[in-house]
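Please read the structure below before turning to the comments.
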């Protein structure tokens, strides 16, 4: 049992000495590995930030393009509506003009019809007079 304790003390002493010797070289390896991973992390963070900025720029461009397209379409619709409003107003004016012309033509035709009826009446009266004259001349003979 004493040998076991002695053996364990020697093993502990050797472990301490070996650990102390490797401590300096392991610290350098850990620092080197830490520096490499820190650099990789910084590069990845930098790439990540660049991609985020690119996505933000692309998103801003897309929104800007959509806004421009929206304004363009809105402008086209406004122009179309304005054109339709003007055409409708012109159509109404033309319609009113045609109705007025038709009314004037109807009045004119009614006047002419009235005049023609009067002429027909006059001619009918003249015919009756001529018939009476003929009958009177025939009766006298």
Reported label for calculated Cα Rg over 2.2 N^0.38 Å given (i) 1.32; (ii) 3.23; (iii) 4.05: (iii)
Going by alpha carbons, how many degrees (0 to 90, nearest 10) lie between the helix axis of 2-140 and the longest principal axis of the chain? 0
Label-point separation, residue 37 to residue 134 (7 Å along Cα→Cβ), nm: 13.7
So if each residue of separation counts as 0.36 nm, and I subtract the Cα-Cα distance between residue 5 and residue 45, what length gain in nm does that give? 9.0 nm
Kirkwood-based Rg to Rh ratio, segment 50-123, C-alpha trace: 1.73
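Any read-out appearing in this document is the output of simple, stated calculations on the displayed coordinates, not a laboratory observation. A quick note: this is a predicted structure, and the numbers were derived from the prediction, not measured. Methodologically, a virtual Cβ is constructed for each residue, glycine included, from the backbone with ideal geometry; neighbour enumeration extends over all protein chains shown.
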